[in-house]
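Okay, so here's the structure we're looking at.
The values are calculated or read from the model by the stated rules, or taken from the named source; none is laboratory data. As the structure is a computational prediction, the values presented were derived from the model and not from experiment. Cβ placement follows ideal geometry from the backbone for every residue including glycine, while neighbour counts extend to all protein chains displayed.
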Amino acid sequence: MEIPQPTTQLPSSDESSEGLTQLFNEATALLPKIGEIVEGTVVARGTASIFVDLGPRGTGVIFGKEFYAAQEALKDYAIGNMIVAKVVDTENQEGLIELSIAEAGKELAWSHIKETHRNGSIFSTTIKSANRGGLVADVEGTAAFLPASQLGFDHYPHVEGGDKEKILEELRKLIGQQLRVKILDINPKEEKVILSERAAELDELQEELNQFHVGDVVEGNISRIADFGIFVRFGPDEKLEGLVHTSELDWTPVPDFQQHYKVGNKLKVKIIDIQDGRVSLSLKALKPDPWAKIIERFPKNTKVSAAVVRITTFGAFVELAPGVQGLVHIAEYGSEKALQEALEVGKTYDFRMADIDPEARRISLKPWREHEPEKTEQELATSEMKGEEIQQEDAPKKTEENS
């Protein structure tokens with residue numbers, strides 16, 4: 001096998017003596033020392049040897065007893081991989097720097113951890129212990145933490161009420177098991193490694209997820225229910241999971257939705273968003289939009305009967321139809337007390353459709369007054385113009401009065 005040549009360049013003969021001295025000093029400073037930990041790139045492999053490019057320092061080699069002492073650890077290193085080793089001889093008979101990874105110990109482990117993290121590789125690890133926050137595993141001889149929040153669906157402790165003792169009991173059941181994980185974060189200085197099973201699952205399911213698109217209607221089972229919505233598992237093997245947020249359950253609020261939906265129920269849902277591996281689903285998107293053709297259903301300035309659903313400090317909300325509410329502003333009654341005397345929650349009253357904004361899903365209403373005839377759009381525009389003219393005519397008079 002041809003031995004890779006060092007990358008260090010010798011000075012040319014036509015350089016000045018002073019320049020040669022400077023280059024010699026720089027080259028000498030680059031020479032590794034016995035016991036020093038160095039990092040390089042694997043450039044070639046032999047039957048019982050690995051050659052490492054150490055940049056301007058030269059070429060290193062792991063062979064003989066040093067190779068066999070770390071043969072198991074070295075089997076996964078391919079050409080192009082970074083490797084950390086310890087210098088055992090600065091120059092052998094072939095002019096190479098002899099290296100040892102068996103003596104590099106922790107440095108080698110962290111080199112592999114960094115490489116795994118950099119590549120986003122998925123690997124198996126054995127769970128050694130559990131605590132209230134998650135699980136502890138072993139990665140390259142280094143303790144690694146797998147937070148409970150980063151567990152996959154099958155291993156996540158689904159405990160009602162979030163009882164910490166029951167959660168710990170569920171986590172302990174995973175001790176001794178092998179989980180497929182990827183490294184989420186590392187801190188070599190503090191020797192911390194954070195793992196994620198969920199991220200590994202997402203990576204492996206990404207190809208399956210790519211088959212689905214926004215707008216697709218899928219069928220699945222409710223996998224879990226949270227305060228903010230319900231989770232639905234779908235796909236060929238129901239390994240994919242999406243969230244139906246409470247705002248996407250129906251066009252009208254469903255305050256007690258936990259009573260309407262149960263784990264295991266089958267549902268048809270629509271995919272409304274896919275972002276960073278997270279799928280947002282909707283039930284209401286499969287139901288008719290109550291705001292469709294709202295202007296045709298409730299023309300402006302017409303009389304409507306609607307029930308008051310709630311009263312606030314700025315007005316009263318009335319329900320024109322399921323999923324469609326409008327506001328009667330407090331200014332129409334003069335004060336909050338007058339509004340509360342005139343309207344009562346749960347009762348139906350007559351109102352006039354004052355304004356409709358379908359895009360903003362906003363409706364303004366006014367109290368219906370029998371003596372106030374319905375006005376057409378043209379009549380309203382004319383009255384508004386007249387009102388402006390009157391204001392303009394009154395302005396000078398008010399100025400004179402003030403003077």
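Determine if segment 365-376 includes at least one residue that is out of contact with any helix residue (DSSP H, G or I) (no Cβ under 7 Å at 6 or more places or on another chain), at pLDDT 90 or above, surrounded by 12 or more Cβ atoms within 10 Å (Cβ to Cβ) and not in a loop (DSSP other than H, G, I, E, B). Checked segment 365-376: at least one residue is out of contact with any helix residue (DSSP H, G or I) (no Cβ under 7 Å at 6 or more places or on another chain), at pLDDT 90 or above, surrounded by 12 or more Cβ atoms within 10 Å (Cβ to Cβ) and not in a loop (DSSP other than H, G, I, E, B).
Could you please let me know if Ala199 is farther than 21 Å from Thr116 by Cβ and free of Cβ contacts under 8 Å to residues at least 60 places away in the same chain? Judged against the criteria, Ala199 is not a match.
Among the residues of segment 68-109, those that are in a loop (DSSP other than H, G, I, E, B), more than 21 Å from Val139 (Cα to Cα) and out of contact with any Ser or Thr (no Cβ under 7 Å at 6 or more places or on another chain) comprise Ile79, Thr90, Glu91, Asn92, Gln93, Glu94, Gly95. Determine whether Ile294 is surrounded by 13 or more Cβ atoms within 10 Å (Cβ to Cβ) and within 14 Å of Phe234 (Cβ to Cβ). It is false that Ile294 is surrounded by 13 or more Cβ atoms within 10 Å (Cβ to Cβ) and within 14 Å of Phe234 (Cβ to Cβ). A single entry from Phe153, Phe123 fulfils the requirement of being modelled with pLDDT under 95 and part of a strand (DSSP E or B): Phe123. Within segment 224-234, the set of residues being part of a strand (DSSP E or B) and of a type in the set (A, V, I, L, M, F, W, C) comprises Ile225, Ala226, Ile230, Phe231, Val232, Phe234. Hey, can you tell me all the residues within segment 272-291 that are on the phi > 0 side of the Ramachandran plot and surrounded by 12 or more Cβ atoms within 10 Å (Cβ to Cβ)? Selection gives Gly277 alone.
Based on this model, can you work out whether Ile183 counts as at pLDDT 90 or above, of a type in the set (A, V, I, L, M, F, W, C) and assigned to a loop (DSSP other than H, G, I, E, B)? When the stated conditions are applied, Ile183 does not pass them. Look at Glu91 and say whether it is of a type outside the set (A, V, I, L, M) and out of contact with any helix residue (DSSP H, G or I) (no Cβ under 6 Å at 6 or more places or on another chain). For Glu91, the condition - of a type outside the set (A, V, I, L, M) and out of contact with any helix residue (DSSP H, G or I) (no Cβ under 6 Å at 6 or more places or on another chain) - is met.
Restricting attention to segment 192-223, the residues that are over 19 Å from the mean Cα position of the chain (by Cα) and either farther than 21 Å from Leu179 by Cα or assigned by TED's automatic domain parsing to the domain that holds Ser280 (or both) total 10.
Listed here are the residues, each with its yes/no results for (1) crowded, with 16+ Cβ neighbours inside 10 Å; (2) touching a residue at least 60 places away in the same chain (Cβ under 8 Å).
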residue: Leu74; (1), (2): yes, no
residue: Tyr77; (1), (2): yes, no
residue: Ala102; (1), (2): yes, no
residue: His112; (1), (2): yes, no
residue: His117; (1), (2): yes, yes
residue: Thr126; (1), (2): no, no
residue: Ala130; (1), (2): yes, no
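Selection of segment 89-120 for residues being modelled with pLDDT under 90 and among the β-branched types (Val, Ile, Thr) yields Thr90, Ile101.
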